[in-house]
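Okay, so here's the structure we're looking at.
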Amino acid sequence: RPRVLSGIQPTAGSFHLGNYLGAVRQWVALQESHDAFYMVVDLHAITVPQDPAELRANTRLAVAQLLAAGLDPERCTLFVQSHVPEHAQLGWIMNCLTGFGEASRMTQFKDKAAKQGADRATVGLFTYPVLQVADILLYQADEVPVGEDQRQHIELTRDLAERFNGRFGDTFTVPSPYILKETAKIFDLQDPSVKMSKSASTPKGLINLLDEPKATAKKVKSAVTDTDTVIRYDPEKKPGVSNLLSVYSVLTGTSVEDLERKYEGKGYGALKTDLADVMVEFVTPFRTRTQEYLDDPETLDSILAKGAEKARTVAAETLARAYDRMGLLPAK
Ligand code: AQP
C-alpha cells in the first residue's frame, strides 16, 4: 500500500470549509486505499502567539473533528505531532540543509510574517515549512493530500529529499502532492478572489463547521456572486458562483454540469437556498459527532496514545537512518 501523510493545525478551534473540502475529506477517502498517517500539528500552531489552555483544548477539538469527519483509528494512524519528538529532531537536520534564500521564498511565510509585523514574526514561523518537510519525510510518504496553498511546501520537501539523498545516499522517499482540482482552493464567500482562511477571511466569508447551522445558512445565502444572472461554472468571470457550485457539487456528489442543468433559468437565490440546506445537513451531524468525541476524553487520549506509538516506530527508524547517513556518532 502506498503511504500518505498530512496534518492540520489546531489553531483556530473549528475547522473551516476550506480545510474540510481541501484536505480532510481526502484523508477520509485515502485511509481505505493507503497506509495513512494523519496528525494534528501543534508544533506548527506555536509559530504564532498562542494561549496554553486554548492550545490544549483546541488540540483535543481538532482530533474530535477529524474523527467526526470520518477518520477511523483502525484504518489510519492518528496522532499529535509533539507526541513524536522525531519531528523536531529531523526538523533541525532539514534546517541545516535549507538555504536561507530558499526559505525566504516561501510565500506562506511571507504572507503570515506580513500579518504578524516584521519585528514580531518568529524564527519558528520562518522555518515552519522546513519542519513540514521533516513531518513528511519521517514517514517516507508517497503522497501528501493538501490544498493548493501547500504546493510550494511539497516542492520544498521534494527538493530537500533529493538533496539529502544525493549527498548522503538514498534515505527518503520523494513525495508527490495529492491535490484534487475541484477542491484545491475554496474561496472566501464575501471575496471570491481570495482563499477561505481562518486568519484572512472576514467572519461572513468564512464557514466554520462548528458554527450554529443557522448562521452558516445565513452566510451561504449572503455569499457574493455577480450582477449577471446565469448559473454557470466559470471561475475566471464568475468566481463567486463557481465557488458555490464547487462546494455544492462535492458535498452532494452531483457533477457541476448536472447542477448547471438543474438551475437553468433559475436565479442565484434558488442556488443559495438549496446550498444552504445542503450545508446545514452536513454540519448538523458533524457538530453532534464532534461533541460526542469531546465528551469522552479517555477514548480520545487512548486513540492518540496508540497513534503516537505507531507513528514513533516509523519515525524513529527513519531518523536513525538519517543520523547515521549524515555521520552523527551513534550513542552507545
Ligand atoms: N481555502 C482552502 N481551500 C482548500 N484547502 C484549504 N486548506 C486551508 N484552506 C483551504 C487546507 O487545509 C489543510 C489544513 O490547513 P492548516 O491547518 O495548515 O491551516 P491553514 O492552511 O494555515 O489554514 P488557513 O485557514 O489557510 O490558515 P491561515 O489563515 O493561517 O493561512 C491544508 O492542507 C490546507 O491546504
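In region 147-156, the condition of being under 27 Å from Ala311 (Cα atoms) and of a type in the set (A, V, I, L, M, F, W, C) is met by at least one residue.
Take the conditions surrounded by fewer than 16 Cβ atoms within 10 Å (Cβ to Cβ), among the hydrophobic types (A, V, I, L, M, F, W, C) and over 18 Å from Gln81 (Cα atoms) and apply them to Ala113. Does it pass?
Working: surrounded by fewer than 16 Cβ atoms within 10 Å (Cβ to Cβ): no; among the hydrophobic types (A, V, I, L, M, F, W, C): yes; over 18 Å from Gln81 (Cα atoms): yes.
No.
Output the residues belonging to region 26-53 that are under 23 Å from Pro203 (Cβ atoms) and within 11 Å of the ligand (Cβ to nearest atom). Within region 26-53, Ala45, Val48 qualify. If the condition is being over 24 Å from Pro49 (Cβ atoms) and within 8 Å of the ligand (Cβ to nearest atom), then region 5-19 contributes Ser6, Leu17. Scanning region 206-218 for residues that are buried (at least 21 other Cβ atoms within 10 Å of the Cβ) and not polar (S, T, N, Q) returns Leu206, Ile207, Leu209. Close contacts from region 293-308, counting a first residue that is at pLDDT below 95 and a second that is of a type in the set (A, V, I, L, M), with Cβ to Cβ under 6 Å and a gap of 6+ residues or different chains, come to none at all. So which of Thr127, Thr122 is modelled with pLDDT under 95 and under 21 Å from Ser82 (Cα atoms)? One residue alone meets the criteria, Thr122.
Is it true that some residue in region 173-187 is at pLDDT below 95, within 29 Å of Ala69 (Cα to Cα) and assigned to a loop (DSSP other than H, G, I, E, B)?
The answer is no; no qualifying residue exists.
Filtering region 189-212 down to residues that are under 23 Å from Glu281 (Cβ atoms) and within 16 Å of the chain's Cα centre (by Cα), which residue is farthest from the ligand (Cβ to nearest atom)? The extreme case among them is Leu209. Number of residues in region 91-134 that are among the aromatic types (Phe, Trp, Tyr) and either within 14 Å of the ligand (Cβ to nearest atom) or within 18 Å of Arg151 (Cβ to Cβ) (or both): the value is 2. Scanning region 202-234 for residues that are polar (S, T, N, Q) and either under 30 Å from Pro10 (Cα atoms) or part of a helix (DSSP H, G or I) (or both) returns Thr202, Asn208, Thr216, Ser222. Pairing each residue of region 243-271 that is in contact (Cβ under 8 Å) with a residue 60 or more places away in the chain and of a type in the set (Ser, Thr, Tyr) with any residue that is outside any helix (DSSP H, G or I) and crowded, with 19+ Cβ neighbours inside 10 Å, provided the two are 6+ apart or on different chains, yields C-beta distances under 9 Å for Ser246/Ile186; Ser246/Phe187. Give the residues of region 136-159 that are away from the ligand (no atom under 11 Å from the Cβ), outside any strand (DSSP E or B) and in contact with a strand residue (DSSP E or B) (Cβ under 7 Å, 6 or more places away or on another chain), sorted by residue number. If the condition is that a residue be away from the ligand (no atom under 11 Å from the Cβ), outside any strand (DSSP E or B) and in contact with a strand residue (DSSP E or B) (Cβ under 7 Å, 6 or more places away or on another chain), then Ile136, Tyr139, Gln140, Ala141, Asp142 are the ones that fit.
The values are calculated or read from the model by the stated rules, or taken from the named source; none is laboratory data. Remember, it's a predicted structure, so these values are computed and weren't measured experimentally. Note that we place each Cβ from the backbone using ideal geometry, even for glycine, and neighbour counts take in every protein chain shown.
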